[in-house]
Amino acid sequence: IGGCGRIMDLKQLEYFIAIAEEKNITAAAKRLHICQPPLSQQLKKLEAELGVVLFNRNSRQIQLTEIGKIFLERARQIVDLSSSIQQEVQDYAAGYQGTIMIGITPTSIPMVMNHKLGEFHKKYPKINYKFFEGSTQYVMDILQKELVDIGIVRSPIDTSGYCVVEKPPEPMIAAMNEENNWSDDDFCTIEELESMNLIVYRRYEALLNDVFAVHKISPRIISVSERSFTALLLSEIGLGVSILPASAIKMSNQKVIYKTIHEPILTTNAVALWLPNHHLNKSAKAFLEYFKSL
């Protein structure tokens with residue numbers, strides 16, 4: 001960007017952005033930790049170089065002109081790009097190391113945390129991990145607040161506004177102990193569940209109720225669990241039949257019998273999400289490649 005043959009520096013753009021956001025030069029000066037007079041001079045100098053008026057100064061709060069609004073958008077893009085370039089250069093120099101912050105739901109854990117993660121660690125031994133386990137809402141919340149780099153959840157989920165890597169759908173299963181096993185088949189229908197005491201993971205409660213309504217059945221839901229592991233444990237001790245994603249069976253500590261449910265609507269897939277404007281370093285990008293390979 002140039003005005004009168006002179007190239008503006010990033011510091012000028014940062015000063016301009018601060019004034020635009022604070023709508024007050026005194027407040028912007030405090031935010032930038034500089035004195036007000038030099039900041040005012042820099043603003044006048046910038047407008048002179050561009051040959052335009054960026055702010056209307058007719059009130060206590062200075063307001064952007066129309067050209068000022070356009071310039072603000074471009075200034076932010078340039079500053080963000082500069083920051084991204086600097087971060088990428090630093091990441092390249094550092095290599096695959098540092099800590100990846102990952103939010104993850106319980107039903108996604110069996111798919112992500114298996115022997116393949118051990119192989120990934122051997123390939124990238126300097127990478128550390130912080131996993132934040134919780135509900136889908138919890139993971140989406142910390143992702144929005146940029147407390148984590150990547151969120152791993154399960155469908156159904158609204159992914160608009162995010163960058164996404166989706167795994168193929170997997171079926172839901174009915175898990176039980178030997179006492180509650182009603183047949184030798186590896187598959188079952190929704191109708192077969194009507195006479196069972198069901199244990200439901202709250203994440204899928206609404207979906208299951210919709211499916212039951214479509215099939216015009218009203219099975220007894222004996223328990224609704226906040227965690228998938230709890231639902232599986234209750235089925236292990238014989239309380240009833242739990243309905244969970246197929247990969248959840250890997251969390252079982254005992255021998256659990258399970259049947260794949262024949263129902264096209266009852267599928268779910270793991271999804272990795274991250275914010276478009278959140279910088280992912282080389283380590284985080286490598287982890288996404290690992291997720292794709294699962």
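The values are calculated or read from the model by the stated rules, or taken from the named source; none is laboratory data. Not measured: the values here are computed from a predicted model. Surface accessibility is based on the protein's heavy atoms, side chains included, excluding ligands, DNA and RNA. Shrake-Rupley method; radii C 1.70, N 1.55, O 1.52, S 1.80 Å.
So what are the ³J(HN,Hα) numbers for segment 194-201, from phi and the Karplus equation (6.51, -1.76, 1.60; θ = phi - 60°), rounded to whole Hz, Gly and Pro as x?
Here the 3J(HN,Hα) series is 4, 8, 8, 7, 9, 10, 10, 7 Hz.
Nearest 10 degrees, 0 to 90: what angle lies between the long axis of helix 282-293 and the longest principal axis of the chain (Cα atoms)?
30 degrees
What are the extents of the Cα atoms of segment 44-188 along their three principal axes, listed from largest to smallest and rounded to whole Å?
Here the spans come out as 83, 37, 25 Å, largest first.
Over segment 157-294, what is the relative contact order in percent, taking alpha-carbon pairs closer than 8 angstrom and at least six residues apart?
It comes to 43 percent, rounded to a whole number.
Using the reciprocal of the averaged 1/r over all distinct C-alpha pairs, how large is the Kirkwood radius of segment 197-270 in Å?
One over the average 1/r among Cα pairs gives 12.7 Å for segment 197-270.
Take Tyr204, Tyr129 and sort them by solvent-accessible surface of the protein heavy atoms, 1.4 Å probe, largest at the top.
Descending accessible area places them as Tyr129, Tyr204.
Counting only helical runs of four or more DSSP H residues, what would the 222 nm mean residue ellipticity of the chain come to if each run contributes -39,500 (n - 2.57) and the total is spread over all its residues?
Helices in the chain give a 222 nm mean residue ellipticity of -12500 deg cm²/dmol.
Hey, any idea what Rg/Rh is for segment 25-71, computing Rh the Kirkwood way over Cα pairs?
Rg/Rh: 0.97.
Tilt of helix 36-50 relative to the longest C-alpha principal axis of the chain, in degrees (0 to 90, nearest 10)?
90 degrees
If you scale each eigenvalue of the Cα gyration tensor by 5 and take the root, what three semi-axes come out for segment 142-288, rounded to whole angstrom and sorted largest first?
Each semi-axis is √(5λ); the values are 32, 16, 13 Å.
Given a 1.4 Å probe and every protein chain left where it sits, what share in percent of the accessible area of segment 20-67 is carbon and sulfur?
Heavy-atom surface of segment 20-67 belonging to carbon and sulfur, 1.4 Å probe: 51 percent.
Excluding ligands and nucleic acids, what accessible area in Å² is computed for Leu294 using a 1.4 Å probe, to the nearest 10?
The value for Leu294 is about 40 Å².
For segment 108-180, what are Rg and Dmax over the alpha carbons, in angstrom?
In order Rg, Dmax, the Cα atoms of segment 108-180 give 15.5, 47 Å.
Using the heavy atoms of the protein chains alone and a 1.4 angstrom probe, what is the accessible area of segment 175-249 per residue in square angstrom?
Per residue, segment 175-249 has 48 Å² of solvent-accessible surface.
Under 20 Å from the Cα of Lys23, which aspartates and glutamates turn up, not counting those fewer than eight places away in the same chain?
Counting by Cα, and skipping residues close in sequence, Lys23 has these aspartates and glutamates nearby: Glu14, Glu47, Glu66, Glu73.
Taking 2.2 N^0.38 Å as the expected size of a compact globular protein, what ratio does the Cα radius of gyration of the chain give against it, to two decimals?
Rounded to two decimals, the normalised Rg is 1.43.
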